[in-house]
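The values are calculated or read from the model by the stated rules, or taken from the named source; none is laboratory data. Nothing here was measured: the structure is a model prediction, and the numbers come from that model. Positions of Cβ are backbone-derived with ideal geometry, glycine not excepted, and every protein chain shown enters the neighbour counts. With ligands, DNA and RNA removed, areas are computed over all heavy atoms of the protein, side chains included. Shrake-Rupley method; radii C 1.70, N 1.55, O 1.52, S 1.80 Å.
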Amino acid sequence: MSDPDLLAGKTHAVFDAYGTLFDVHSAVQRHAGDLGPQAESLSETWRTKQLEYSWVHGLMGRYVGFWDLTERALDFALAKHPGIDRGFRETLLAAYRELDAYGEVPGVLERLRQRGVKTALFSNGNAAMLERAVASAGLGDRLDAVLSVDPVRTFKTAPAAYQLVLDRLGTARDDVLFFSSNRWDIAGATAFGFDAVWVNRKDQPDEYPDQAPRAVVKALDAVI
């Protein structure tokens, strides 16, 4: 059931990319039959290390572009799963550049814009990654802005990353409704001062009780 009250007074809907608009596991899923029984574990390791590397580099103050971290994370995942042929490396990276969008995403973005709410994607991903993902999913005409953390050279959950949203969109915290499937991202956005909606696609247990989301939904179309 939709909850239009979440959008009351909001001028901007801002979406995390990976896991929220795009299915991060679709790259491996496309080739699961060839990869074999370790495919799911490979995908989970790849995603876990990708995030871990971003947090570690952010805390060290040594920024490395998210695509480079994605490649390094896949190399670790392949090393941890020696039963999977490393020859699939380039195939998987190519698939990651063109991840599947979740089925409800195009309609949700279109309905938001019909209501006069501006839509933006905001991600740890670097600009080239995001442009390719948006184009391949056919979302370009449904997004008013595509924002990368690149200019501030750090990653979410650093406050400077979320500040970039306000600076680039020319808006205030109270005008933004922020969406992410990543609970850590919701915690960071909430601490920054955004109203945040946790898109809990996998029914994960809650974390960070001191930074509670405004709402929890199973999918984006529960909001509009």
All alpha-carbon distances of region 84-162, grouped into 10 Å bins from 0, give the whole-percent distribution 17, 39, 33, 10, 2
Whole-Å distance linking the alpha carbon centroid of region 23-47 with that of region 189-210 is 26
Toy charge model, Lys and Arg Cβ at +1, Asp and Glu Cβ at -1: region 1-112 dipole around Cα centroid in debye, rounded to 20, equals 360
Rounded to the nearest 10 degrees, the helix 105-114 long axis (Cα) sits at an angle to the longest Cα principal axis of the chain of 20
For the chain, the percent of accessible surface on carbon and sulfur atoms (probe 1.4 angstrom, ligands and nucleic acids excluded) is 49
Helix 159-169: inclination vs the chain longest Cα principal axis, degrees, rounded to 10, gives 60
Residue-normalised 222 nm signal for the chain, counting each DSSP H run of n ≥ 4 as -39,500 (n - 2.57), nearest 500 deg cm²/dmol, is -12500 deg cm²/dmol
Per residue, the convex hull enclosing the alpha carbons of region 22-77 has a volume in Å³ of 73
With a ≥ b ≥ c from the Cα gyration tensor eigenvalues, square-rooted, and the rule rounded for a/c under 1.5, otherwise prolate when a/b > b/c and oblate otherwise, region 45-92 is prolate
Ordering 53-66, 176-189 by per-residue average of other C-beta atoms within 10 angstrom, highest first, gives 176-189, 53-66
Expected sort for 121-129, 140-148 on mean C-beta neighbours within 10 Å, highest first, is 121-129, 140-148
Computed over the Cα atoms of region 122-175, the Rg and Dmax in Å are 11.6, 32
Toy charge model, Lys and Arg Cβ at +1, Asp and Glu Cβ at -1: the chain dipole around Cα centroid in debye, rounded to 20, equals 280
Longest principal axis of the chain (C-alpha) makes with the long axis of helix 39-60 (C-alpha) an angle, in degrees to the nearest 10, of 60
To the nearest Å², the heavy-atom accessible area per residue of the chain with 1.4 Å probe amounts to 44
The computed P(r) of region 33-173 puts the percent of Cα pairs beyond 24 Å at 41
